[in-house]
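Take a look at the structure set out below.
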Amino acid sequence: WALGLVTGRQRTIVLSPLTLPLGLFIIVALFSFIFGLSNGPLTPTLLRKFAELILSLSFVLVVIDYCTTWEHLERLVKVVLLAGAAAAVIAIGLWLLPEDTANTLLNTLQRLGYPGGWVIRYIEENPALSERAIGTSVDPHVLGGLLLMIGALAGPQLVAKRPLFSRWFAIILFGLIAVALVLTFSRSAMLGLVAGLAYVAVLRYRRLVPYMVVAGLLFLLLPVTQGYIARFVEGIQGQDLATQMRFGEYKDALILIQRYPLFGVGFAGTPDIDIYLGVANVYFTIAEVMGLVGLFAFFSVIATVFAYAFFNRHTFKQNERLDAVWLGLHAALVGGLVAGIFDHYLFNLEFHHAVTAFWLLVGMAAASTRLGVENKN
């Protein structure tokens, strides 16, 4: 994309209302990174990972510029849906294999940067409890976050009058994603998927409600899901270890934010030995490393995406071809933002692939609204 601009093959860049707030967010991130270098060493690894973060944020501009026609966007959505289903199949397959076999297969990916050793994950890291699906995403929460966003994107295709795939194929795609998501045992991801689908059902597709009711009843009544329900109840009551650890992280994060409220402590480390970076909440994570200024810039980006969509919503209500894709892309963001209340992988230097997936969907959502407005005109 960049070489096309440099060589003159492409002479213009398609912009959107998202350009300004996104640019502000990137600038604040760069300032916080430089400002925070006094809190820790600048290592090649840290520099590379931060550069990857900036690339992920800038990727939004590339996606918007790429989607010059609705056909381009639909093609990209199809690729994302098929890739999500493929990730789900891999996750289910690895989960069904004997643990030693699955671990051996994943260890062959070390030459591509995958961690080595025993990488199979369990509930509360206890091998006596159930194994959690991780696919090739290293962490079950990260896999859950990926699947929930693609599942929310696929949801409207189940009831759309003009789906991208055949109805049965759409059901198979969504079913694979949902099964793999359940196997991650990620409660935040499941909650995010429900939020994304509820967003679709409330705004437009009431026909999605019966599917959600049937799925909910099966979830409540089937014997194989009772352990999952029990974990949900424990989480709500704050009784399990993971939830109690989250509460402790939230408390420590608030202490850090109170001490360094404006631009945070940067990405290199913390200046005080009694505080640390790392909290299972994407909003606290941003506030820790970029301060309240950075958090405000992030909210500005998200608010722009949804305000842009809201003011042009009638354009899509009247166009069956555009509506399901447009609504699904925004539902994916809703699901990711809800899951972000309980996890931090959408803004974590250790999970570049998850960060990129989220910002890819941000760019696609903004592009869908822009293309809808252009088609109307």
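The values are calculated or read from the model by the stated rules, or taken from the named source; none is laboratory data. Remember, predicted model here, so these are calculated numbers, not experimental data. All Cβ positions, glycine included, derive from the backbone under ideal geometry; neighbour counts span all protein chains shown. To get the accessible areas, we keep the full protein, side chains included, count just its heavy atoms, and leave off ligands, DNA and RNA. Shrake-Rupley method; radii C 1.70, N 1.55, O 1.52, S 1.80 Å.
Tell me the residue from Asn281, Asn319 that is touching a Lys or Arg at 6+ places or on another chain (Cβ under 9 Å), at pLDDT 90 or above, of a type outside the set (A, V, I, L, M, F, W, C) and closer than 23 Å to Gly151 by Cα, please. Lay out the reasoning, then the answer.
Values: Asn319 fails: at pLDDT 90 or above.
None of the others qualify; the one that does is Asn281.
Restricted to segment 1-22, and to residues that are open to solvent by less than 30 Å² (accessible area, probe 1.4 Å) and either of a type in the set (Asp, Glu) or at pLDDT below 95 (or both), which residue is nearest to Trp359 (Cα to Cα)?
Residue satisfying both the conditions and the ranking: Leu18.
Restricting the first residue to segment 303-324 and requiring it to be farther than 22 Å from Gly336 by Cα and touching a residue at least 12 places away in the same chain (Cβ under 8 Å), which pairs with a second residue that is of a type in the set (Asp, Glu) and part of a helix (DSSP H, G or I) meet a Cβ separation below 9 Å and a spacing of at least six or different chains?
Phe316/Asp323; Lys317/Asp323; Arg321/Glu74
How do the helices (runs of 4 or more DSSP H) wholly within segment 256-341 filter down when requiring 3 or more residues that are of a type in the set (S, T, N, Q): which remain?
Counting at least 3 such residues, we get 282-311.
Count, please, the residues in segment 83-96 that happen to be more than 21 Å from the chain's Cα centre (by Cα) and loosely packed, with under 14 Cβ neighbours inside 10 Å.
Residues in segment 83-96 being more than 21 Å from the chain's Cα centre (by Cα) and loosely packed, with under 14 Cβ neighbours inside 10 Å: 1 in total.
Counting only residues that are of a type in the set (Phe, Trp, Tyr) and out of contact with any Leu (no Cβ under 7 Å at 6 or more places or on another chain), which one in segment 166-177 is surrounded by the fewest Cβ atoms within 10 Å (Cβ to Cβ)?
First, pick out the residues of segment 166-177 that are of a type in the set (Phe, Trp, Tyr): 168-169, 174.
Those left that are additionally out of contact with any Leu (no Cβ under 7 Å at 6 or more places or on another chain): 168-169.
Numbers: Trp168: 8, Phe169: 15.
Of everything passing the filter in segment 166-177, Trp168 is surrounded by the fewest Cβ atoms within 10 Å (Cβ to Cβ).
Any residue that is modelled with pLDDT of 90 or more and either closer than 25 Å to Ile92 by Cβ or assigned to a loop (DSSP other than H, G, I, E, B) (or both) - is there at least one of those in segment 200-217?
yes
Of the residues that make up segment 38-55, is at least one open to solvent by less than 50 Å² (accessible area, probe 1.4 Å), closer than 13 Å to Gly363 by Cα and at pLDDT below 90?
Filtering segment 38-55 down to residues open to solvent by less than 50 Å² (accessible area, probe 1.4 Å) leaves 39-40, 46, 49-54.
Pick out the ones that are also closer than 13 Å to Gly363 by Cα and you get none.
Checked segment 38-55: no residue is open to solvent by less than 50 Å² (accessible area, probe 1.4 Å), closer than 13 Å to Gly363 by Cα and at pLDDT below 90.
It is to be established whether one or more residues within segment 64-82 are in contact (Cβ under 8 Å) with a residue 60 or more places away in the chain, loosely packed, with under 14 Cβ neighbours inside 10 Å, touching a helix residue (DSSP H, G or I) at 6+ places or on another chain (Cβ under 9 Å) and farther than 24 Å from Ile177 by Cβ.
yes
Taking the residues in segment 106-148 that are over 30 Å from Leu361 (Cα atoms) and among the aliphatic types (A, V, I, L, M) as candidates, determine which candidate is least open to solvent (accessible area, probe 1.4 Å).
Leu129
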